[in-house]
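Written out below as structure tokens is the structure these notes cover.
The values are calculated or read from the model by the stated rules, or taken from the named source; none is laboratory data. Because the structure is predicted, anything quoted here is derived from the model rather than measured. Here the Cβ positions follow ideal geometry from the backbone for every residue, glycine too, while neighbour counts run over all protein chains shown.
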Amino acid sequence: MKGAVYTKGKSGKVLVVKDLEQPVPKDDEVVLRVRAASVNPLDWRLKVERPGVDVAGEVVAVGRGVTHFKPGDAVFGVGKGVFAEYARAQESKLVLKPEGVSFEQAAAVPIAGLTALQGLRDKGRLQAGRKVLINGAAGGIGTFAVQIAKSFGAHVTGVCSARNVELVRSLGADRVIDYTHEDFAQDSEPYDLLLDNAANRSLSAMKGVLSSDGKCVMAGAPKEFWAVLTRLLKTVACLPFWRQKFKFFIANVSRDDLTLLGEMIKAGKVTPVVDRRYPLAEVADAIAYVEEGHARAKVVITIA
């Protein structure tokens with residue numbers, strides 16, 4: 001089978017597509033024929049040998065302990081090294097793909113969709129009628145967050161660049177702030193929740209737009225590792241003073257939540273937005289495009 005692997009090059013690690021052995025499932029795993037996968041920032045930040053986690057495909061083999069799936073089932077969720085024709089995934093991190101939802105749509109969901117859902121619902125405690133500000137509203141997490149927040153009955157303001165204003169508005173945002181012309185930190189209206197997917201503003205700037213009992217859920221991270229570390233240290237230093245205001249957050253892979261997201265897509269409450277599609281042979285170009293930081297929503301790898 002063909003699969004993407006990081007190898008050592010003259011200028012560092014290079015992602016190449018090469019012939020690999022088809023995987024064999026462990027007791028709690030299945031093997032999928034990958035139909036589509038999507039790119040996440042961790043696919044280049046972690047630099048594991050076999051990148052790719054967001055996946056949708058068909059089960060071709062199951063481990064001895066697997067009870068929920070059988071060969072032929074169409075599923076989506078989180079796997080291992082999914083930028084390949086076949087990949088392994090734990091049974092506990094997959095759910096059945098709803099009928100009517102395409103493999104590309106399903107592959108776009110897992111990490112971004114779970115982060116948006118859990119960030120708003122669990123960490124942000126978002127309720128109907130509350131005002132939420134989504135910084136990075138045109139990104140992978142942001143496009144899901146705008147739609148999910150609207151489905152909860154919230155008043156949604158999205159922050160994005162000029163070229164993405166119409167996209168964010170089309171997803172249901174009540175108000176869109178073009179950050180090239182307007183600074184959301186100068187907004188006079190306080191927000192009950194700020195979901196930060198961009199990590200491009202200081203903690204004090206974000207605190208300034210929150211209501212007295214408002215919260216900021218931080219789901220995004222800067223591109224450079226040193227910036228990630230600096231932001232983490234600053235946040236830790238401020239937490240004793242702003243503990244009730246700021247929440248660091250990493251999504252949990254929940255089967256119940258993956259199922260819920262699939263149902264929301266089937267019901268038309270959420271529509272995954274796909275910016276570009278790349279064949280497996282061009283997966284390195286796809287990751288490079290996302291790494292630039294200007295991708296709209298999700299980038300999908302399609303595997304014929």
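Some observations on this one:
- From the list K80, K123, K150, the lone residue that is touching a residue at least 12 places away in the same chain (Cβ under 8 Å), surrounded by fewer than 23 Cβ atoms within 10 Å (Cβ to Cβ) and closer than 13 Å to V270 by Cα is K150.
- Qualifying position, being surrounded by fewer than 14 Cβ atoms within 10 Å (Cβ to Cβ) and either under 24 Å from the mean Cα position of the chain (by Cα) or modelled with pLDDT of 85 or more (or both), among D192, D178, D196, D183: D183
Matching residues to (1) within 18 Å of A106 (Cβ to Cβ); (2) basic (K, R):
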site: V34; (1), (2): yes, no
site: W44; (1), (2): no, no
site: R50; (1), (2): no, yes
site: A61; (1), (2): no, no
site: V66; (1), (2): no, no
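- T67 meets each of the listed conditions (1) touching a Leu at 6+ places or on another chain (Cβ under 7 Å); (2) farther than 23 Å from I265 by Cα apart from (1).
- The one condition in (1) of a type outside the set (G, A, S); (2) modelled with pLDDT of 95 or more; (3) under 18 Å from N197 (Cα atoms) that E282 fails to fulfil: (3)
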